[in-house]
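Below is one structure; the comments refer to it alone.
The values are calculated or read from the model by the stated rules, or taken from the named source; none is laboratory data. Just so it is clear, the structure is predicted and the values come from calculations on it, not from any experiment. Cβ coordinates were reconstructed from backbone atoms using ideal geometry, including for glycine residues, and neighbour counts include every protein chain displayed. Just the protein is used for accessible areas: all its heavy atoms, side chains included, with ligands, DNA and RNA removed. Shrake-Rupley method; radii C 1.70, N 1.55, O 1.52, S 1.80 Å.
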Amino acid sequence: MKASKIAYKPVGLALGATSGMIAGAAFKQAWKMIGHDDDAPDATDEHRTWQEVLIAAALQGAIYAVVKAAVDRAGAATTRRLTGTWPG
């Protein structure tokens, strides 16, 4: 395993945690605008419909994937700028 990959591991973990927090905040804001409710439905909430639960889950997954990809890509590009090598 290349040294750059090993050195990037802690950075990647920190970026993963950061992207999770950003995605969570973005989802909460999106759900407030779309769902007109402060809290997204839980899968086991009997007072919510299947449609509402599945839409919330799909939206949350999409937002998480986009934010994670953007943060990971930015981290890799920054690493390349600083070290001259791509971490992947």
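Across all directions of projection, what mean area in square nanometres is found for the Cα convex hull of the range 1-83? Mind dumping the intermediate values first?
Details: hull surface 27.1 nm².
Seen from a random direction, the Cα hull of the range 1-83 projects 6.8 nm² on average.
Count neighbours as other Cβ atoms within 10 Å of each site's Cβ, and list the trypsin sites (Lys or Arg not before Pro) in the chain that are DSSP loop with at most 11 such neighbours. It would help to have the intermediate numbers written out before the result.
On the way: sites: K2, K5, K28, K32, R48, K68, R73, R80, R81; in loops: K2, R48.
Listed in order of number, the matching sites are K2.
Set Lys and Arg Cβ to +1 and Asp and Glu Cβ to -1, take the dipole of the chain about its Cα centre, and tell me which of I55, A25, T44 lies farthest positive.
Positive-most Cα among the choices belongs to A25.
Please give the charge dipole size of the chain, origin at the Cα centre, charges +1 on K and R Cβ atoms and -1 on D and E Cβ atoms. Round to the nearest 20 debye.
On the way: 10 positive and 8 negative charges, 204 e Å.
The calculated dipole for the chain is roughly 980 debye.
Tell me the mean residue ellipticity at 222 nm calculated for the chain from its helices only (DSSP H runs of n ≥ 4, each -39500 (n - 2.57), averaged over every residue, nearest 500).
Details: 2 runs with 67 residues, N = 88.
Value at 222 nm, helices only, nearest 500: -28000 deg cm²/dmol.
Round to the nearest 10 and give me the degree value, 0 to 90, for the angle of helix 3-35's Cα axis relative to the longest principal axis of the chain.
Approximately 20 degrees, to the nearest 10.
Taking only Cα atoms, what is the 0 to 90° angle, nearest 10, from helix 50-83's long axis to the longest principal axis of the chain?
10 degrees
What whole-number value in Å² describes the accessible area per residue of the range 45-88 for a 1.4 Å probe?
On the way: 3180 Å² over 44 residues.
Heavy-atom accessible area per residue stands at 72 Å².
Taking all protein chains as present, what is the carbon and sulfur share of the accessible area of the chain, in % to the nearest whole number, probe 1.4 Å?
Carbon and sulfur: 64 percent of the exposed surface of the chain.
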